[in-house]
Amino acid sequence: TASSSAPHADSRDMEWRADGVILEANDGGIAIRSSPSDNTGDWYGLCGNMMVYEAHHVAYDPFFNAVFFGNQDTGSIRHVIGSPNSALSITTADGNRCFADYTTDPDFVWYYGGTQNLGTFYRAGYRKTTGNFEQRFDISLPVNGHFLSAMAMNPANQAILAYQSSSNTIIAVTLDRAVSFTQYSSNVISNFEDIFFTDDGNFLYAFTGSDFVKYSFNPVTGVLALIFMTSISGVRRGAVDPSNSNIVYAVGGNRGIDYVRRPFVFRSLDGGLNWEDVTVTNSLVDTASTGGAAVFVGSVCLVGTSNGILIAEENTAGTITGWISIAEGLPKAIVTHMVYDITDGILVISTMGRGIWYLEEAMTVVTAAGSRRLGASFRSIKVPPKKFPDNLPKTNYVRRVQAVVIQPDDEFEKIPPDDFPDPFIPVPLIP
(Lines give C-alpha, C1' and ligand atoms only; values in the text may rest on other atoms or scores of the structure.)
Protein backbone atom coordinates (compact mmCIF):
# COMPACT_ATOMS: atom_id res chain seq x y z
CA THR A 1 0.00 0.00 0.00
CA ALA A 2 1.00 3.64 -0.27
CA SER A 3 1.82 3.90 3.45
CA SER A 4 2.64 0.25 4.25
CA SER A 5 -0.65 0.04 6.17
CA ALA A 6 -2.45 -3.17 7.05
CA PRO A 7 -5.50 -4.33 8.99
CA HIS A 8 -5.43 -6.81 11.86
CA ALA A 9 -3.77 -10.05 10.79
CA ASP A 10 -6.71 -12.32 11.65
CA SER A 11 -9.18 -11.76 8.79
CA ARG A 12 -12.71 -13.22 8.99
CA ASP A 13 -14.62 -11.91 5.98
CA MET A 14 -14.12 -9.71 2.91
CA GLU A 15 -16.62 -8.06 0.57
CA TRP A 16 -16.64 -5.61 -2.36
CA ARG A 17 -18.51 -2.36 -1.80
CA ALA A 18 -20.52 -0.86 -4.66
CA ASP A 19 -17.98 1.92 -5.21
CA GLY A 20 -15.15 -0.58 -5.75
CA VAL A 21 -13.41 -0.55 -2.37
CA ILE A 22 -12.93 -3.66 -0.21
CA LEU A 23 -14.54 -4.09 3.20
CA GLU A 24 -12.87 -6.56 5.56
CA ALA A 25 -13.92 -7.89 8.96
CA ASN A 26 -11.18 -9.03 11.32
CA ASP A 27 -10.38 -9.56 15.00
CA GLY A 28 -9.53 -5.86 15.30
CA GLY A 29 -12.76 -4.50 13.84
CA ILE A 30 -13.74 -3.49 10.29
CA ALA A 31 -11.32 -2.31 7.60
CA ILE A 32 -11.73 -0.61 4.24
CA ARG A 33 -9.15 -0.69 1.41
CA SER A 34 -9.06 2.18 -1.04
CA SER A 35 -7.81 1.63 -4.62
CA PRO A 36 -7.57 -2.16 -4.20
CA SER A 37 -6.49 -2.70 -7.83
CA ASP A 38 -3.11 -0.97 -7.37
CA ASN A 39 -0.61 0.06 -4.70
CA THR A 40 -1.76 3.68 -4.35
CA GLY A 41 -4.47 2.92 -1.82
CA ASP A 42 -4.34 2.20 1.91
CA TRP A 43 -6.20 0.39 4.66
CA TYR A 44 -8.50 2.51 6.83
CA GLY A 45 -10.58 1.74 9.91
CA LEU A 46 -14.33 1.73 10.37
CA CYS A 47 -14.12 0.80 14.04
CA GLY A 48 -15.80 3.75 15.73
CA ASN A 49 -16.11 3.02 19.46
CA MET A 50 -15.66 -0.75 19.21
CA MET A 51 -14.12 -2.41 22.29
CA VAL A 52 -12.59 -5.53 20.78
CA TYR A 53 -9.31 -6.10 22.60
CA GLU A 54 -8.78 -9.81 23.16
CA ALA A 55 -7.16 -9.41 26.57
CA HIS A 56 -5.61 -12.42 28.32
CA HIS A 57 -4.46 -10.76 31.52
CA VAL A 58 -4.44 -7.39 33.28
CA ALA A 59 -2.42 -5.68 36.02
CA TYR A 60 -3.31 -2.52 37.93
CA ASP A 61 -0.88 0.12 39.19
CA PRO A 62 -2.34 2.40 41.92
CA PHE A 63 0.61 4.80 41.79
CA PHE A 64 -0.36 6.04 38.32
CA ASN A 65 -3.93 4.68 38.30
CA ALA A 66 -2.85 2.68 35.25
CA VAL A 67 -3.82 -0.63 33.69
CA PHE A 68 -1.36 -2.84 31.85
CA PHE A 69 -2.87 -5.65 29.79
CA GLY A 70 -1.70 -8.41 27.45
CA ASN A 71 -3.71 -9.05 24.29
CA GLN A 72 -4.02 -11.78 21.72
CA ASP A 73 -2.19 -10.64 18.54
CA THR A 74 -1.59 -7.04 19.62
CA GLY A 75 0.93 -7.21 22.45
CA SER A 76 0.77 -5.46 25.82
CA ILE A 77 -0.64 -1.98 26.38
CA ARG A 78 -0.31 0.45 29.28
CA HIS A 79 -3.00 3.08 29.80
CA VAL A 80 -3.71 5.57 32.60
CA ILE A 81 -7.40 5.60 33.48
CA GLY A 82 -8.84 9.03 32.72
CA SER A 83 -5.84 10.13 30.65
CA PRO A 84 -6.93 9.82 27.00
CA ASN A 85 -3.54 10.17 25.34
CA SER A 86 -1.51 8.01 27.72
CA ALA A 87 -1.88 4.66 25.94
CA LEU A 88 1.34 3.03 24.84
CA SER A 89 1.97 -0.38 23.30
CA ILE A 90 5.07 -1.82 24.99
CA THR A 91 5.22 -4.84 22.66
CA THR A 92 3.40 -6.33 19.69
CA ALA A 93 2.75 -10.02 18.81
CA ASP A 94 0.76 -12.04 21.38
CA GLY A 95 0.79 -10.43 24.81
CA ASN A 96 1.46 -12.65 27.81
CA ARG A 97 0.61 -12.22 31.48
CA CYS A 98 1.23 -8.75 32.92
CA PHE A 99 2.38 -7.44 36.32
CA ALA A 100 3.11 -4.07 37.93
CA ASP A 101 5.69 -3.46 40.67
CA TYR A 102 4.98 -0.08 42.25
CA THR A 103 6.49 -0.69 45.70
CA THR A 104 10.11 -1.86 45.51
CA ASP A 105 11.78 1.02 43.65
CA PRO A 106 11.53 4.61 44.97
CA ASP A 107 12.10 6.05 41.49
CA PHE A 108 10.21 3.78 39.07
CA VAL A 109 7.08 1.74 38.60
CA TRP A 110 8.09 -1.42 36.73
CA TYR A 111 5.75 -3.20 34.35
CA TYR A 112 6.51 -6.83 33.46
CA GLY A 113 5.21 -8.39 30.26
CA GLY A 114 6.15 -10.58 27.36
CA THR A 115 5.14 -12.26 24.16
CA GLN A 116 3.96 -15.80 23.45
CA ASN A 117 6.07 -18.54 25.06
CA LEU A 118 8.01 -15.72 26.77
CA GLY A 119 10.09 -15.42 23.61
CA THR A 120 10.39 -11.80 24.69
CA PHE A 121 10.19 -10.85 28.36
CA TYR A 122 10.85 -7.37 29.70
CA ARG A 123 10.34 -4.83 32.45
CA ALA A 124 9.45 -1.30 31.47
CA GLY A 125 10.05 1.61 33.83
CA TYR A 126 7.94 4.74 34.31
CA ARG A 127 9.58 7.41 36.46
CA LYS A 128 7.41 8.20 39.48
CA THR A 129 8.19 11.92 39.55
CA THR A 130 7.37 12.63 35.90
CA GLY A 131 5.24 9.72 34.70
CA ASN A 132 7.55 9.34 31.71
CA PHE A 133 8.42 5.99 30.15
CA GLU A 134 12.22 5.98 30.43
CA GLN A 135 13.58 2.44 30.51
CA ARG A 136 12.92 -0.98 29.10
CA PHE A 137 15.06 -4.01 29.86
CA ASP A 138 14.66 -7.11 27.68
CA ILE A 139 15.38 -10.04 29.98
CA SER A 140 17.14 -13.26 29.05
CA LEU A 141 15.18 -16.01 30.78
CA PRO A 142 16.81 -19.30 31.83
CA VAL A 143 13.99 -21.34 30.23
CA ASN A 144 11.10 -20.55 27.89
CA GLY A 145 7.49 -20.54 29.01
CA HIS A 146 4.22 -21.67 27.49
CA PHE A 147 2.17 -19.73 24.93
CA LEU A 148 0.33 -18.10 27.85
CA SER A 149 2.81 -18.72 30.63
CA ALA A 150 1.84 -19.52 34.20
CA MET A 151 3.53 -16.68 36.07
CA ALA A 152 2.99 -14.99 39.44
CA MET A 153 4.21 -11.92 41.33
CA ASN A 154 4.65 -12.14 45.10
CA PRO A 155 2.29 -9.64 46.82
CA ALA A 156 4.56 -9.39 49.85
CA ASN A 157 7.58 -8.46 47.71
CA GLN A 158 6.89 -7.36 44.15
CA ALA A 159 10.53 -7.89 43.13
CA ILE A 160 9.78 -11.64 43.31
CA LEU A 161 8.30 -13.48 40.32
CA ALA A 162 7.94 -17.15 39.48
CA TYR A 163 7.00 -18.95 36.27
CA GLN A 164 6.82 -22.50 34.91
CA SER A 165 9.04 -23.67 32.06
CA SER A 166 7.73 -24.98 28.75
CA SER A 167 9.01 -28.42 29.78
CA ASN A 168 6.68 -28.21 32.83
CA THR A 169 9.39 -29.62 35.10
CA ILE A 170 10.95 -26.32 36.25
CA ILE A 171 9.74 -23.33 38.23
CA ALA A 172 12.10 -20.38 37.79
CA VAL A 173 12.16 -17.82 40.61
CA THR A 174 13.68 -14.34 40.75
CA LEU A 175 14.15 -12.24 43.89
CA ASP A 176 15.67 -9.20 42.18
CA ARG A 177 13.30 -7.90 39.50
CA ALA A 178 14.29 -10.58 36.97
CA VAL A 179 18.02 -9.82 37.06
CA SER A 180 18.76 -13.43 38.04
CA PHE A 181 16.78 -16.64 38.39
CA THR A 182 17.01 -19.85 40.41
CA GLN A 183 15.44 -23.01 39.02
CA TYR A 184 13.49 -25.49 41.14
CA SER A 185 11.81 -28.78 40.28
CA SER A 186 8.06 -28.41 39.85
CA ASN A 187 7.60 -32.11 40.75
CA VAL A 188 4.88 -32.31 38.09
CA ILE A 189 4.80 -33.29 34.43
CA SER A 190 1.71 -31.24 33.50
CA ASN A 191 1.64 -27.58 32.58
CA PHE A 192 0.21 -25.15 35.09
CA GLU A 193 -2.99 -23.44 34.08
CA ASP A 194 -2.56 -20.92 36.89
CA ILE A 195 -0.13 -20.09 39.71
CA PHE A 196 -0.36 -17.47 42.45
CA PHE A 197 1.30 -16.59 45.73
CA THR A 198 -0.58 -16.20 48.98
CA ASP A 199 -0.71 -12.61 50.22
CA ASP A 200 1.81 -13.27 52.98
CA GLY A 201 4.21 -14.50 50.29
CA ASN A 202 4.92 -17.81 52.02
CA PHE A 203 3.11 -20.23 49.69
CA LEU A 204 2.76 -20.75 45.96
CA TYR A 205 -0.43 -22.45 44.70
CA ALA A 206 -0.85 -23.99 41.25
CA PHE A 207 -3.53 -25.73 39.18
CA THR A 208 -2.61 -28.13 36.38
CA GLY A 209 -6.09 -28.92 35.07
CA SER A 210 -6.05 -32.24 36.94
CA ASP A 211 -4.32 -31.37 40.24
CA PHE A 212 -3.91 -28.69 42.87
CA VAL A 213 -0.25 -28.25 43.85
CA LYS A 214 0.91 -26.47 47.00
CA TYR A 215 4.48 -25.26 47.58
CA SER A 216 6.13 -23.56 50.53
CA PHE A 217 8.19 -20.50 49.66
CA ASN A 218 10.83 -18.55 51.55
CA PRO A 219 10.74 -14.91 50.36
CA VAL A 220 14.22 -14.26 51.75
CA THR A 221 16.12 -17.21 50.27
CA GLY A 222 13.74 -17.96 47.40
CA VAL A 223 13.67 -21.65 48.28
CA LEU A 224 10.60 -23.40 46.86
CA ALA A 225 9.50 -26.84 48.08
CA LEU A 226 6.55 -29.11 47.32
CA ILE A 227 4.16 -29.66 50.25
CA PHE A 228 1.48 -31.81 48.60
CA MET A 229 -0.56 -32.37 45.45
CA THR A 230 -4.24 -33.32 45.34
CA SER A 231 -6.44 -34.35 42.45
CA ILE A 232 -9.09 -31.87 41.30
CA SER A 233 -10.10 -32.47 37.71
CA GLY A 234 -10.79 -29.69 35.21
CA VAL A 235 -9.78 -26.73 37.36
CA ARG A 236 -8.01 -23.93 35.45
CA ARG A 237 -7.99 -20.83 37.66
CA GLY A 238 -8.02 -20.03 41.35
CA ALA A 239 -7.84 -17.42 44.10
CA VAL A 240 -6.87 -17.41 47.76
CA ASP A 241 -8.33 -15.41 50.64
CA PRO A 242 -5.80 -12.64 51.41
CA SER A 243 -6.32 -12.99 55.16
CA ASN A 244 -6.65 -16.79 55.35
CA SER A 245 -4.56 -18.92 52.99
CA ASN A 246 -6.61 -21.99 53.88
CA ILE A 247 -9.61 -20.63 51.95
CA VAL A 248 -9.13 -21.27 48.23
CA TYR A 249 -11.60 -21.11 45.34
CA ALA A 250 -11.09 -22.81 41.99
CA VAL A 251 -12.85 -22.30 38.65
CA GLY A 252 -12.94 -25.21 36.23
CA GLY A 253 -14.68 -26.51 33.12
CA ASN A 254 -13.90 -27.56 29.58
CA ARG A 255 -10.62 -26.02 28.51
CA GLY A 256 -10.38 -22.87 26.39
CA ILE A 257 -7.25 -20.82 25.67
CA ASP A 258 -7.36 -18.86 28.91
CA TYR A 259 -10.91 -19.56 30.06
CA VAL A 260 -13.32 -22.48 30.48
CA ARG A 261 -16.60 -23.49 28.89
CA ARG A 262 -19.54 -24.46 31.11
CA PRO A 263 -17.77 -23.41 34.32
CA PHE A 264 -17.95 -24.94 37.76
CA VAL A 265 -16.58 -23.71 41.10
CA PHE A 266 -14.90 -25.62 43.93
CA ARG A 267 -13.98 -24.38 47.41
CA SER A 268 -11.41 -25.59 49.92
CA LEU A 269 -11.37 -24.55 53.58
CA ASP A 270 -8.21 -26.45 54.53
CA GLY A 271 -5.57 -25.06 52.18
CA GLY A 272 -6.36 -27.32 49.23
CA LEU A 273 -6.43 -30.77 50.85
CA ASN A 274 -10.18 -31.22 50.37
CA TRP A 275 -12.53 -29.60 47.87
CA GLU A 276 -16.29 -29.01 47.78
CA ASP A 277 -18.30 -28.39 44.61
CA VAL A 278 -20.14 -25.09 45.21
CA THR A 279 -21.43 -24.52 41.66
CA VAL A 280 -25.11 -25.03 42.66
CA THR A 281 -27.41 -26.52 40.01
CA ASN A 282 -29.20 -23.93 37.82
CA SER A 283 -27.28 -21.05 39.44
CA LEU A 284 -25.70 -18.19 37.49
CA VAL A 285 -22.45 -20.16 37.51
CA ASP A 286 -24.10 -23.37 36.33
CA THR A 287 -25.94 -21.65 33.47
CA ALA A 288 -22.98 -19.58 32.26
CA SER A 289 -21.46 -20.48 28.90
CA THR A 290 -17.93 -19.40 29.89
CA GLY A 291 -15.87 -18.51 32.93
CA GLY A 292 -12.23 -18.23 33.73
CA ALA A 293 -11.27 -15.98 36.61
CA ALA A 294 -11.51 -15.62 40.36
CA VAL A 295 -10.35 -12.92 42.79
CA PHE A 296 -10.98 -11.97 46.40
CA VAL A 297 -12.31 -8.58 47.44
CA GLY A 298 -11.67 -8.68 51.15
CA SER A 299 -12.89 -12.07 52.32
CA VAL A 300 -15.40 -12.47 49.47
CA CYS A 301 -14.51 -14.47 46.37
CA LEU A 302 -15.67 -13.15 42.99
CA VAL A 303 -16.03 -15.47 40.00
CA GLY A 304 -15.97 -14.08 36.46
CA THR A 305 -18.45 -15.65 34.02
CA SER A 306 -20.46 -14.81 30.93
CA ASN A 307 -23.35 -14.18 33.36
CA GLY A 308 -21.37 -11.42 35.09
CA ILE A 309 -19.06 -11.10 38.07
CA LEU A 310 -20.64 -13.29 40.74
CA ILE A 311 -20.45 -13.77 44.50
CA ALA A 312 -21.83 -16.69 46.47
CA GLU A 313 -24.94 -16.56 48.65
CA GLU A 314 -24.58 -18.54 51.86
CA ASN A 315 -27.07 -19.68 54.48
CA THR A 316 -26.47 -19.39 58.22
CA ALA A 317 -24.60 -22.70 58.20
CA GLY A 318 -22.09 -21.41 55.68
CA THR A 319 -23.45 -23.53 52.83
CA ILE A 320 -23.38 -21.86 49.43
CA THR A 321 -26.93 -21.84 48.05
CA GLY A 322 -26.56 -19.73 44.91
CA TRP A 323 -24.68 -16.97 43.11
CA ILE A 324 -25.56 -13.33 42.47
CA SER A 325 -24.13 -10.70 40.11
CA ILE A 326 -22.46 -7.77 41.88
CA ALA A 327 -23.03 -5.05 39.25
CA GLU A 328 -24.55 -4.21 35.89
CA GLY A 329 -23.02 -2.94 32.66
CA LEU A 330 -20.64 -5.76 31.80
CA PRO A 331 -21.07 -7.26 28.31
CA LYS A 332 -21.77 -10.95 27.96
CA ALA A 333 -18.14 -11.84 27.39
CA ILE A 334 -15.41 -14.27 28.35
CA VAL A 335 -13.77 -13.00 31.55
CA THR A 336 -10.09 -13.98 31.39
CA HIS A 337 -8.63 -12.33 34.50
CA MET A 338 -9.52 -10.07 37.43
CA VAL A 339 -7.42 -8.02 39.83
CA TYR A 340 -8.51 -6.09 42.92
CA ASP A 341 -6.43 -3.24 44.35
CA ILE A 342 -7.12 -2.46 47.98
CA THR A 343 -5.34 0.93 47.81
CA ASP A 344 -7.76 2.43 45.27
CA GLY A 345 -10.62 0.02 45.97
CA ILE A 346 -10.85 -0.78 42.26
CA LEU A 347 -11.68 -4.07 40.56
CA VAL A 348 -10.27 -4.42 37.03
CA ILE A 349 -11.15 -7.25 34.66
CA SER A 350 -9.95 -8.36 31.24
CA THR A 351 -12.21 -9.98 28.68
CA MET A 352 -11.66 -11.91 25.47
CA GLY A 353 -12.96 -9.63 22.74
CA ARG A 354 -14.61 -6.90 24.82
CA GLY A 355 -11.60 -5.13 26.30
CA ILE A 356 -10.90 -3.96 29.86
CA TRP A 357 -13.53 -2.98 32.44
CA TYR A 358 -13.38 -1.65 35.98
CA LEU A 359 -15.54 -1.13 39.04
CA GLU A 360 -14.78 1.57 41.61
CA GLU A 361 -15.45 1.20 45.34
CA ALA A 362 -15.56 -2.54 44.79
CA MET A 363 -15.64 -3.42 48.49
CA THR A 364 -18.74 -1.28 49.03
CA VAL A 365 -20.36 -2.75 45.93
CA VAL A 366 -19.64 -6.33 46.97
CA THR A 367 -21.07 -5.72 50.44
CA ALA A 368 -24.20 -4.16 48.96
CA ALA A 369 -24.59 -6.95 46.41
CA GLY A 370 -24.37 -9.51 49.18
CA SER A 371 -27.34 -7.76 50.76
CA ARG A 372 -29.05 -7.65 47.34
CA ARG A 373 -28.77 -3.85 47.24
CA LEU A 374 -27.69 -3.57 43.61
CA GLY A 375 -27.22 -0.58 41.35
CA ALA A 376 -23.49 -0.32 40.66
CA SER A 377 -22.20 -0.54 37.10
CA PHE A 378 -18.94 -1.49 35.40
CA ARG A 379 -17.19 1.06 33.20
CA SER A 380 -15.06 0.27 30.18
CA ILE A 381 -11.49 1.44 29.69
CA LYS A 382 -11.89 3.58 26.59
CA VAL A 383 -9.04 5.22 24.73
CA PRO A 384 -10.56 8.33 23.13
CA PRO A 385 -9.23 9.74 19.85
CA LYS A 386 -6.06 11.71 20.26
CA LYS A 387 -6.45 15.38 19.30
CA PHE A 388 -4.12 16.37 16.49
CA PRO A 389 -3.08 19.89 15.43
CA ASP A 390 -5.76 21.61 13.37
CA ASN A 391 -3.31 22.69 10.68
CA LEU A 392 -2.38 19.15 9.63
CA PRO A 393 -3.53 18.29 6.11
CA LYS A 394 -6.32 15.83 5.58
CA THR A 395 -5.08 12.69 3.91
CA ASN A 396 -5.70 8.97 3.71
CA TYR A 397 -2.57 8.04 5.68
CA VAL A 398 -2.62 5.96 8.86
CA ARG A 399 -0.30 3.65 10.77
CA ARG A 400 -1.29 0.09 11.51
CA VAL A 401 -2.78 -0.14 14.98
CA GLN A 402 -4.72 -2.59 17.17
CA ALA A 403 -8.38 -2.22 16.36
CA VAL A 404 -7.94 0.62 13.92
CA VAL A 405 -7.78 0.01 10.26
CA ILE A 406 -8.59 2.97 8.11
CA GLN A 407 -11.48 5.30 7.34
CA PRO A 408 -12.57 6.46 3.89
CA ASP A 409 -10.28 8.88 2.12
CA ASP A 410 -10.92 12.48 3.20
CA GLU A 411 -12.90 11.87 6.41
CA PHE A 412 -9.92 11.69 8.78
CA GLU A 413 -6.95 13.75 9.79
CA LYS A 414 -3.38 12.68 9.17
CA ILE A 415 -1.69 10.75 11.96
CA PRO A 416 1.89 12.02 12.34
CA PRO A 417 4.08 8.94 12.87
CA ASP A 418 6.17 10.42 15.68
CA ASP A 419 3.12 11.69 17.53
CA PHE A 420 1.13 8.49 17.47
CA PRO A 421 2.10 5.74 19.93
CA ASP A 422 2.23 2.29 18.47
CA PRO A 423 -0.99 0.91 19.93
CA PHE A 424 -4.55 1.38 18.96
CA ILE A 425 -6.00 4.87 19.39
CA PRO A 426 -8.91 5.37 16.97
CA VAL A 427 -8.49 7.95 14.25
CA PRO A 428 -10.69 11.00 15.04
CA LEU A 429 -13.60 11.95 12.85
CA ILE A 430 -13.48 15.46 11.45
CA PRO A 431 -16.45 17.52 12.71
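For this structure, a couple of remarks:
- The listed residues are Val213, Val278, Val251, and the only one of them that is within 25 Å of Asp94 (Cβ to Cβ) and not polar (S, T, N, Q) turns out to be Val251.
- Residue in segment 194-245 that is nearest to Val260 (Cα to Cα), counting only those that are open to solvent by less than 20 Å² (accessible area, probe 1.4 Å) and part of a loop (DSSP other than H, G, I, E, B): Gly234
- Odd one out for Phe147 among (1) within 30 Å of Leu226 (Cβ to Cβ); (2) of a type outside the set (A, V, I, L, M); (3) touching a strand residue (DSSP E or B) at 6+ places or on another chain (Cβ under 9 Å); (4) open to solvent by 60 Å² or more (accessible area, probe 1.4 Å): (3)
- Hits in segment 15-28 (condition: loosely packed, with under 13 Cβ neighbours inside 10 Å and hydrophobic (A, V, I, L, M, F, W, C)): Trp16, Ala18
- When segment 61-108 is filtered for residues that are within 25 Å of Gly119 (Cβ to Cβ) and touching a Pro at 6+ places or on another chain (Cβ under 6 Å), the ones remaining, listed by number, are Ile77, Ala87, Leu88, Ser89.
- Flag for Ala312 being in a strand (DSSP E or B), over 24 Å from Ser149 (Cα atoms), open to solvent by 10 Å² or more (accessible area, probe 1.4 Å) and small (Gly, Ala, Ser): yes
- Restricting attention to segment 256-292, the residues that are open to solvent by 70 Å² or more (accessible area, probe 1.4 Å) and in contact (Cβ under 8 Å) with a residue 60 or more places away in the chain total 1.
- Filter result for Ser167 (free of Cβ contacts under 8 Å to residues at least 40 places away in the same chain and either farther than 27 Å from Tyr259 by Cβ or not in a loop (DSSP other than H, G, I, E, B) (or both)): no
- Filtered residues of segment 178-193 (kept if within 25 Å of the chain's Cα centre (by Cα), open to solvent by 10 Å² or more (accessible area, probe 1.4 Å) and of a type outside the set (A, V, I, L, M)): Phe181, Ser190, Asn191, Glu193
- Test: residue in segment 142-151 that is assigned to a strand (DSSP E or B) and in contact (Cβ under 8 Å) with a residue 12 or more places away in the chain: yes
- Residues satisfying the stated conditions in segment 132-160, i.e. under 22 Å from the mean Cα position of the chain (by Cα) and more than 24 Å from His337 (Cα to Cα): Phe133, Arg136, Phe137, Asp138, Ile139, Leu141
- Residue among Val67, Val52, Val80 that is under 16 Å from the mean Cα position of the chain (by Cα) and either of a type in the set (S, T, N, Q) or over 24 Å from Tyr259 (Cα atoms) (or both): Val80
- Subset of segment 41-95 (residues that are open to solvent by 10 Å² or more (accessible area, probe 1.4 Å), outside any loop (DSSP other than H, G, I, E, B) and over 30 Å from Thr130 (Cβ atoms)): Trp43, Glu54
- Residue satisfying all of: in segment 97-112; out of contact with any His (no Cβ under 9 Å at 6 or more places or on another chain) and not in a strand (DSSP E or B); most open to solvent (accessible area, probe 1.4 Å) among these: Pro106
The rows are residues; the columns are (1) in a strand (DSSP E or B); (2) of a type in the set (Gly, Ala, Ser); (3) surrounded by fewer than 20 Cβ atoms within 10 Å (Cβ to Cβ).
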position: Ala294; (1), (2), (3): yes, yes, no
position: Val303; (1), (2), (3): yes, no, no
position: Thr316; (1), (2), (3): no, no, yes
position: Thr364; (1), (2), (3): no, no, yes
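- The lone exception for Thr130 - which of (1) open to solvent by less than 10 Å² (accessible area, probe 1.4 Å); (2) free of Cβ contacts under 8 Å to residues at least 40 places away in the same chain; (3) part of a loop (DSSP other than H, G, I, E, B) it fails: (1)
- Segment 318-362, residues that are assigned to a strand (DSSP E or B), within 12 Å of the chain's Cα centre (by Cα) and not hydroxyl-bearing (Ser, Thr, Tyr): Ile334, Val335, His337, Met338, Val339, Val348, Ile349, Met352, Ile356, Trp357
- Restricting attention to segment 29-40, the residues that are in contact with a Ser or Thr (Cβ under 7 Å, 6 or more places away or on another chain) and within 13 Å of Pro7 (Cα to Cα) add up to 0.
The values are calculated or read from the model by the stated rules, or taken from the named source; none is laboratory data. Just so we're clear, the structure is a prediction, and the values are computed from it rather than from any experiment. Because the Cβ atoms are built from the backbone with ideal geometry, glycine has one as well, and the counts that use them run over all protein chains shown. Heavy atoms of the whole protein, side chains included, go into the accessibility calculation; ligands, DNA and RNA do not. Shrake-Rupley method; radii C 1.70, N 1.55, O 1.52, S 1.80 Å.
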